[in-house]
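Student: What follows is a structure written as structure tokens; I'll ask about it next.
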Amino acid sequence: MELLNKNTVDPLFLYPLSLINIFELGYFLILAWLLVGVINETNGERPVKFGKSLQLVTTSYGSGLLLWVVLVMFITLNLN
């Protein structure tokens with residue numbers, strides 16, 4: 001969000017655009033990497049690869065984050 005001028009962006013999109021950052025991407029990747037270790041530790045006979053873990057993190061955390069952003073945008077729209 002620091003790359004854009006806040007005066008030119010619609011106030012409705014300020015929060016979703018502020019979530020696009022390197023720390024959020026790093027959190028996704030670290031969460032998937034740690035999940036590979038946990039799944040492989042508990043289920044030793046069928047090891048899970050990083051891609052499958054990343055898919056699981058994206059579908060679970062990503063859908064929750066999407067619902068949260070939609071809720072915040074809805075509240076922002078109703079308060080303005």
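The values are calculated or read from the model by the stated rules, or taken from the named source; none is laboratory data. Quick caveat, the model's predicted, so the values are computed rather than measured. Every residue, glycine among them, receives a Cβ derived from its backbone with ideal geometry; neighbour counts consider all protein chains shown. Surface accessibility is based on the protein's heavy atoms, side chains included, excluding ligands, DNA and RNA. Shrake-Rupley method; radii C 1.70, N 1.55, O 1.52, S 1.80 Å.
Student: Filtering region 23-51 down to residues that are β-branched (Val, Ile, Thr) and not in a loop (DSSP other than H, G, I, E, B), which residue is farthest from LEU3 (Cα to Cα)?
Tutor: Applying the filter and picking the extreme gives THR42.
Student: Could you tell me whether THR58 is surrounded by 10 or more Cβ atoms within 10 Å (Cβ to Cβ) and either of a type in the set (Ser, Thr, Tyr) or touching a helix residue (DSSP H, G or I) at 6+ places or on another chain (Cβ under 6 Å) (or both)?
Tutor: Values: surrounded by 10 or more Cβ atoms within 10 Å (Cβ to Cβ): yes; either of a type in the set (Ser, Thr, Tyr) or touching a helix residue (DSSP H, G or I) at 6+ places or on another chain (Cβ under 6 Å) (or both): yes.
So THR58 passes the test.
Student: Quick check on VAL38: is it open to solvent by less than 50 Å² (accessible area, probe 1.4 Å), among the β-branched types (Val, Ile, Thr) and more than 30 Å from ASN80 (Cα to Cα)?
Tutor: no
Student: A follow-up question, please. Of everything in region 10-22, what is part of a loop (DSSP other than H, G, I, E, B) and either touching a His at 6+ places or on another chain (Cβ under 9 Å) or surrounded by 13 or more Cβ atoms within 10 Å (Cβ to Cβ) (or both)? Give them in sequence order.
Tutor: Once the filter is applied, which keeps residues that are part of a loop (DSSP other than H, G, I, E, B) and either touching a His at 6+ places or on another chain (Cβ under 9 Å) or surrounded by 13 or more Cβ atoms within 10 Å (Cβ to Cβ) (or both), region 10-22 yields only LEU19.
Student: Still on this structure: Test ASN40 against the criterion of being more than 20 Å from the chain's Cα centre (by Cα) and at pLDDT 85 or above, and give yes or no. Lay out the reasoning, then the answer.
Tutor: Working: more than 20 Å from the chain's Cα centre (by Cα): yes; at pLDDT 85 or above: yes.
For ASN40, the condition - more than 20 Å from the chain's Cα centre (by Cα) and at pLDDT 85 or above - is met.
Student: Taking the options LEU66, LEU77, LEU54, name whichever one is over 21 Å from LYS6 (Cβ atoms), out of contact with any Gly (no Cβ under 9 Å at 6 or more places or on another chain), part of a helix (DSSP H, G or I) and touching a residue at least 24 places away in the same chain (Cβ under 8 Å).
Tutor: Sole residue among the options that is over 21 Å from LYS6 (Cβ atoms), out of contact with any Gly (no Cβ under 9 Å at 6 or more places or on another chain), part of a helix (DSSP H, G or I) and touching a residue at least 24 places away in the same chain (Cβ under 8 Å): LEU54.
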